[in-house]
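Quick one: this structure, given as C-alpha cells, is what I'll be asking you about.
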Amino acid sequence: MFIQTEATPNPATLKFLPGRTVLESGPADFRSPEDAELSPLAQRLFAIPGVSGVFFGYDFITITKEGDDEDGFDWAHLKPAILGAIMEHFMSGQPVMAAGGELPEDGEEFFEEDDSEIVNTIKELLETRVRPAVAQDGGDITFRGFREGIVYLHMKGACAGCPSSTATLKHGIQNLLRHFIPEVQEVEAV
C-alpha cells in the first residue's frame, strides 16, 4: 500500500492519500480522542502523541498536529507513525467507522423561511464551487445559516484553524457568493 502526502495551507495540518476510498458518506471531523469513539481508525491515529485532529474526506485523511516544531511535534517525527497507523488499519480490514456509528450533525441550520430560495442557491454554490476546491486542501466547509445578509459557515479539517482561512472566507467565498447573490453581505465562520 502506497500512501501519498500533501502539504495544506495550514502548516499544522497534513493531508494523507491512501489511494482508496476512506469514507463514502463523509466527511467526518474528529477534534479530540473522545470524539473518535465512532471510528477505529481515528482512535488509532489519536493514540499517536502529537495528533490533535483527524478529518476523513472521501479519499483522504487530514491530520492536525498540536503545538509547533519546537514542542517536538514536527512532521518529520509524526509522519512515519501516522503512515504506519493508516497502513495497519487498512491492512487489518477494520472499517473506518464502527458499525452503526453515526456522526452527530453539525447542528441545526438556521434561516428564515422567506430566504429558502437564497439558501438553496448558497448551498448549490458551496457544493459545486467551494467544497471541491477546499477538499483539495484537505478540508471542508458546510453551510450553517443565513440571517440578515450574513452567511454562516462551519470550517473543518485543514480549514479549521488555518492561518489563511480568513482570507479564504472573506476574499474567496464572500466575493463568490456576493457576485451571484446580491442579498449576501458578509460571510462568517462559526
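The values are calculated or read from the model by the stated rules, or taken from the named source; none is laboratory data. Keep in mind that what you see is a predicted model, and the values were worked out from it rather than measured. Glycine gets a Cβ as well: all are built from the backbone with ideal geometry, and neighbour counts include every protein chain shown. Surface areas here come from the heavy atoms of the whole protein model, side chains and all, with no ligands, DNA or RNA. Shrake-Rupley method; radii C 1.70, N 1.55, O 1.52, S 1.80 Å.
Once both axes come from the Cα atoms, what is the angle between helix 75-92 and the longest principal axis of the chain, in degrees from 0 to 90, rounded to 10?
That helix lies at roughly 80 degrees to the long axis.
Please work out the average accessible area per residue across the chain, using the 1.4 Å probe convention, and give it in Å².
Details: 9840 Å² over 190 residues.
Spelled out: the 1.4 Å probe surface of the chain, per residue, equals 52 Å².
Moving to a separate point now. Between Ala47 and Ser164, what length comes free when the chain is fully extended (0.36 nm per residue of separation minus the Cα-Cα distance, one decimal in nm)?
On the way: separation 117, 0.36 × 117 = 42.12 nm, distance 2.84 nm.
39.3 nm is the gain from fully extending Ala47 to Ser164.
Specify the angular offset, from 0 to 90 degrees and rounded to the nearest 10, of the alpha carbon long axis of helix 116-125 from the longest principal axis of the alpha carbons in the chain.
40
When the gyration tensor of the range 1-49 is built from Cα positions, what are the square roots of 5 times its three eigenvalues, in whole Å, from largest to smallest?
Working: eigenvalues 69, 46, 27 Å².
Each semi-axis is the square root of five times an eigenvalue, giving 19, 15, 12 Å.
Add -39500 (n - 2.57) for each DSSP H run of 4 or more in the chain, then divide by its residues: what number comes out at 222 nm, to the nearest 500 deg cm²/dmol?
Values: 5 runs with 48 residues, N = 190.
That calculation yields -7500 deg cm²/dmol at 222 nm.
Measure up Lys79/Lys170; Lys65/Lys123; Lys79/Lys123; Lys123/Lys170 against 24 Å on the Cα-Cα distance and list the ones that go over. Don't skip to the answer; put the middle values down first.
Values: Lys79/Lys170 32 Å; Lys65/Lys123 30 Å; Lys79/Lys123 35 Å; Lys123/Lys170 17 Å.
Result: Lys79/Lys170; Lys65/Lys123; Lys79/Lys123 exceed 24 Å.
On alpha carbon coordinates alone, what is the Rg over Rh value for the chain, Rh being the Kirkwood radius?
Numbers: Rg = 17.4 Å, Rh = 17.4 Å.
The Rg/Rh ratio comes out at 1.00.
Turning to a different aspect of this structure: Explain nothing, just compute: Karplus ³J(HN,Hα) = 6.51 cos²θ - 1.76 cosθ + 1.60, θ = phi - 60°, for every residue of the range 8-18 in order, whole Hz, x for Gly and Pro.
10, x, 8, x, 8, 10, 10, 9, 10, 10, x
Using a 1.4 angstrom probe on heavy atoms only, work out the carbon and sulfur share of the accessible area of the range 1-74 in %.
Numbers: 1600 of 3370 Å².
Here carbon and sulfur together make up 47 percent of the probe-accessible area.
Let me ask something additional. May I ask you to list the residues of the range 119-156 whose amide nitrogen lies under 17 Å from a point 7 Å from Cα along the Cα→beta-carbon direction of Arg31?
Residues passing the 17 Å test: 139-145, 152-156.
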